[in-house]
Amino acid sequence: YHSFAIFDASSRLFEDFDYDGFYQTFSVTFDVDVFGAYLNERADLFAELYLSRNGGPWVHYYTTGVFTIYGDSTQDDYEVLTTLYSGYPTDHYDVLIDVYEVGYSDIVATISADETDGLYALPLESSDRDHIDEVIVVEESGGAFSVFALLGLGLLAAARKRDKWV
């Protein structure tokens, strides 16, 4: 028999191409600990990750592969890097992580935005909404003289006329 706890969970935001403060790529990192009869107890786990748009229903977005943890080691945290490609309107999303032990059907540990601010109100949008409107700038210029060039030409013309009359 052993028990589990999620020691820590956090998130980081990455790509925001249109600089509107809403990101298409983010990561969630969590550290699950196992406690049992042995020092550095070992367990094989997987996790289900969910997003909730602005307090709405939880929507599953990722299932991890199997990963192994050892006791309360800080060296076995797990990171999920995600890019949302479509279907996620610009809004704030909470994250929920449910952890399962391989071979056991019930959730053994869970954490969400209710327990840590690191999973609360992430400003997200899918990449189909995170685009920069392409602006084409065409610069045209023509020959023109500055005021000083025109003044200089005028003085030169006046000097030539004066030379003809003298």
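Here are a few things to note about the model shown:
- With R₀ set to 41 Å, the beta-carbon distance separating SER126 from ALA37 gives a calculated FRET efficiency near 0.35.
- Förster-model FRET efficiency, 25 Å R0, ASP106 and ASP8, C-beta, rounded to 0.05: 0.65
- By accessible area, using a 1.4 Å probe on protein heavy atoms only, region 49-111 has 48% of its surface on carbon and sulfur.
- For TYR88, residues with placed amide H under 5 Å, excluding near neighbours: SER126
- Spacing of the two label points (7 Å from each Cα toward its C-beta) at THR83 and THR68, in nm: 3.2
- Computed over protein heavy atoms with a 1.4 Å probe, the accessible surface of region 1-126 works out to 53 Å² per residue.
- Region 1-29 versus region 82-107: alpha-carbon centroid distance in Å: 10
- Surrounding net charge for VAL28, when Lys and Arg each add one and Asp and Glu each subtract one, Cβ distance under 9 Å: 0
The values are calculated or read from the model by the stated rules, or taken from the named source; none is laboratory data. All of these numbers come straight from a predicted model, not from anything done at the bench. Methodologically, a virtual Cβ is constructed for each residue, glycine included, from the backbone with ideal geometry; neighbour enumeration extends over all protein chains shown. To get the accessible areas, we keep the full protein, side chains included, count just its heavy atoms, and leave off ligands, DNA and RNA. Shrake-Rupley method; radii C 1.70, N 1.55, O 1.52, S 1.80 Å.
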